[in-house]
Amino acid sequence: MPEKIVTNHDLTRLVETSDEWIRTRTGICRRHVVTGENLTSLCVEASKKALKASGISPLDLDMIIVATLTPDEPLPNASSAVQKELGAVNAFCFDLSAACSGFVYAMGCAAMYIKGGAARYVLVIGGEVLSKITNWADRSTCILFGDGAGAAVFGVSDEPGFLGMSMGTDGQRGYTLKMFEREMDNPFMTEEQRRAANMEEGPEGTLIPKSRYVSMDGSEVFKFAVKKVPESIHQVLEAQHMTVEDVDHFVLHQANYRIIESVAKRLKAPMDKFIITIDEYGNTSAASVPLALDELMASGKVKKGETIMISGFGGGLTWGSILMRMV
Ligand code: COA
């Protein structure tokens, strides 16, 4: 995590909000925000810890995936920058963009490469510097997000640790969460084409430049999450002939405490099976699942043979769940 901690109280100096509103609507108390760090440095720190915990040398890695929507630069990609810092010269590297589902999708990729025999050890990282795409004057979004990174090493094992997965995407509702990056511009475009590519409708029919900050329809995201996450969890369990009672721990993307509570209620699962980090970190997009997984592992609650259901959801709209067994 970045060193700098920003409390809800700190945000009241930027926008009209209150600690009470943020806590009751989201469960967030504080978040970390980069000041001296960047995406690569956060990912490298997390990766070093994951490698140490797994006893794997950087040279044993066959593949590195960084799930992020906020790389330091589009070129070189974040995973190549991490490979350089780790000296993991035997790994091929790519970034994966699936917003808050990114880490879960990257885990699915790692599992399939390992199952297919194309890789033995894969470093999967979820990292975000959302503070650079946050509009700090917009109280409906700036209170939600935080920066951070988490990493895990996946590898071949004699016992199956990966039990199953279910992924889905609804591109039709993609603009529920959106951000524009660079302008479309080249010497061959007409003014009209430039306008069509770079402007959107603003208030009262005006044309305004597309926003370079994240914007969203919060209540639509909320409704989507509480419907799709339980569905995908049931899909994974049904394929394994298992039920919700067979899951020992739930690690969900941390977007809002109330979303996790609603999912638990729909699944009829007790809240003490759900790991909560949203209070400390806010919504860190692709980093939230590995950070929550790390917290669960550090708690010492997970015993050999127990099952962990991991779910991500967010921009795209994307969602996905993976069921693991502790080996
Ligand atoms: N402080 C104080 N008031 C705020 C506020 C803030 N930071 N942000 C919004 N409000 C106001 C709104 O202007 C609105 O006022 P109005 O009724 O006078 O118009 C009121 O609070 C209620 O806003 P609303 O958006 O309906 O609140 P909500 O209960 O739906 O909570 C979210 C908003 C964003 C917290 C919630 O919808 C959410 O968490 N959605 C999921 C978003 C998400 O996780 N996105 C990331 C992708 S995974």
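The values are calculated or read from the model by the stated rules, or taken from the named source; none is laboratory data. These figures come from a predicted structure and were not determined experimentally. Backbone-built Cβ (ideal geometry, glycine too); neighbour counts: all protein chains shown. Remember, those area values only see protein heavy atoms, side chains included, never the ligands or the DNA or RNA. Shrake-Rupley method; radii C 1.70, N 1.55, O 1.52, S 1.80 Å.
For the reader, a short list of remarks on this structure follows.
- Candidates Ile64, Ile275, Ile208, ranked by Gaussian network fluctuation over the chain, Cα under 10 Å, top entry: Ile208
- With the highest mean first, a sort of the peptides 21-29, 131-139 on other beta-carbon atoms found within 10 angstrom per residue produces 21-29, 131-139.
- Extending 7 Å from Cα along the Cβ direction at Ile5 and again at Thr169 yields two label points whose distance is 3.8 nm.
- Cα long-axis angle, helix 218-239 against the chain (0 to 90 degrees, to the nearest 10): 20 degrees
- Exposure check, 1.4 Å probe, all protein chains in place: Phe222 carries approximately 50 Å² of accessible surface.
- Packing, as the average of other Cβ atoms within 10 Å across residues, places the peptides 153-160, 72-79 in the order 72-79, 153-160, highest first.
- Between Trp21 and Glu85, the simple spin-label model (points 7 angstrom out along Cα→Cβ) gives 3.6 nm.
- For the range 176-327, the per residue solvent-accessible surface stands at 51 Å², with DNA, RNA and ligands left out and a 1.4 Å probe.
- Candidate residues Glu85, Glu181, Glu295: accessible-area rank, largest first, probe 1.4 Å: Glu181, Glu85, Glu295
- Counting only alpha carbon atoms, the long axis of helix 39-54 and the longest principal axis of the chain meet at about 10°.
- Note on Val156 and Arg194: the extension gain reaches 8.7 nm, defined as 0.36 nm multiplied by sequence separation minus the Cα-Cα distance.
- Dipole size of the chain about its Cα centre, with +1 on Lys/Arg Cβ and -1 on Asp/Glu Cβ: approximately 520 debye, rounded to the nearest 20.
- On the range 173-327, 52 percent of the accessible area sits on carbon and sulfur atoms, based on a 1.4 Å probe.
- Between helix 288-298 and the chain: long-axis angle, C-alpha atoms, 0 to 90°, nearest 10: 30 degrees
- Considering only alpha-carbon pairs that sit under 8 angstrom and 6 or more positions apart, the relative contact order computed for the chain is 24 percent.
- Dipole of the chain, positive direction: furthest Cα of Val214, Leu293, Ala99, with charges on the beta-carbon: Leu293
- Residues in the range 153-173 reached by a label modelled at Arg325 [backbone nitrogen below 18 Å; 7 Å Cα→Cβ]: 155-166
- Exceeding the 31 Å Cα-Cα cut-off - candidates Lys115/Lys178; Lys48/Lys210; Lys52/Lys115; Lys49/Lys223; Lys4/Lys84: Lys115/Lys178; Lys48/Lys210; Lys49/Lys223
- Centre-to-centre separation between the Cα atoms of the range 270-327 and those of the range 86-165: 13 Å.
- Two-site FRET efficiency, Glu183 against Met271, from Cβ-Cβ distance with R₀ of 56 Å, rounded to 0.05: 0.75
- Extension gain, Lys304 to Ala239, is 21.2 nm, computed as 0.36 nm per intervening residue step minus the present C-alpha separation.
- Take the Cα of Asp72, step 7 Å toward its Cβ, do the same at Leu14, and the gap between the two points is 2.2 nm.
- One Cα centroid belongs to the range 214-265, the other to the range 15-55; the line between them spans 22 Å.
- Relative contact order (%) - the range 92-145, alpha-carbon pairs under 8 angstrom, separation at least six: 22 percent
- The packing ranking of peptides 41-52, 310-321, highest mean first, is 310-321, 41-52, where packing means the average number of other beta carbon atoms within 10 angstrom of each residue.
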